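Asks: Before I ask anything, let me first share the structure, which is written out below as structure tokens.
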Amino acid sequence: MLSKEDEAFIDYWEKNRLRRKKLFRQFLLGVPLGLLIAVPTVISLTSGWYKRAYAEANSPDFDPRVLFFALLLIVVFTAIFWQRHKWDQSEQHYRELLARRDRDRRAQSATPAEPPPPQTESPVKPPTDSLVQPPTDSPDQH
């Protein structure tokens, strides 16, 4: 039997799985994680604690558009990849729960409603082992 949490997840995922699979929705939900990587990079670059990176950022060869484009790619890739991974995990969990629910339903429908009648003694006796003879109480053995 599935727990109430599992049943609630099945209901939720049936309603939201296609909406959560859309690329734009995945991007929007994953942007905070991407920014969690990009923002510390910008802070590290502009704070000056890493002297070599600070010197490179202030050199005439540095193009801030390249840095911005790289950070944007990191944010987009991380956001979408993370959300796709979460969607795949939820989809796998959903399919496992459906399989378990179907297996439980088949098991319940396969069990009989009432127990079978008791077995009567069969007319055929089971074979006895020929090597072991039952003891006999005959008077001529004394």
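Asks: Quick one: pull the percentage of alpha-carbon pairs in region 16-81 with a separation above 15 Å.
Replies: Above the 15 Å cut-off, region 16-81 has 60 percent of its Cα pairs.
Asks: Could the peptides 22-29, 102-109 be put in order, highest first, of the mean number of other beta-carbon atoms found within 10 Å of their residues?
Replies: Numbers: 22-29: 13.5, 102-109: 9.5.
Those peptides, ordered most packed to least, come out 22-29, 102-109.
Asks: If you take the beta carbon distance between Phe27 and Arg105 as r and set R0 to 25 Å, what does 1/(1 + (r/R0)^6) give as a FRET efficiency, to the nearest 0.05?
Replies: About 0.05, to the nearest 0.05.
Asks: Something else: In Å and from the alpha-carbon atoms only, list the Rg and Dmax of region 1-54.
Replies: In order Rg, Dmax, the Cα atoms of region 1-54 give 19.9, 61 Å.
Asks: How much length is gained if the chain between Ala53 and Leu18 is pulled fully straight, taking 0.36 nm per residue apart and subtracting their Cα-Cα distance, in nm to one decimal?
Replies: Values: separation 35, 0.36 × 35 = 12.60 nm, distance 4.36 nm.
Answer, rounded to one decimal: 8.2 nm.
Where a number appears in this text, it was derived from the coordinates with a stated rule and is not lab data. As the structure is a prediction and not an experimental result, all values here were calculated from the model. When we count neighbours, we look across all protein chains shown, and the Cβ atoms used for this are built from the backbone with ideal geometry, even at glycine.
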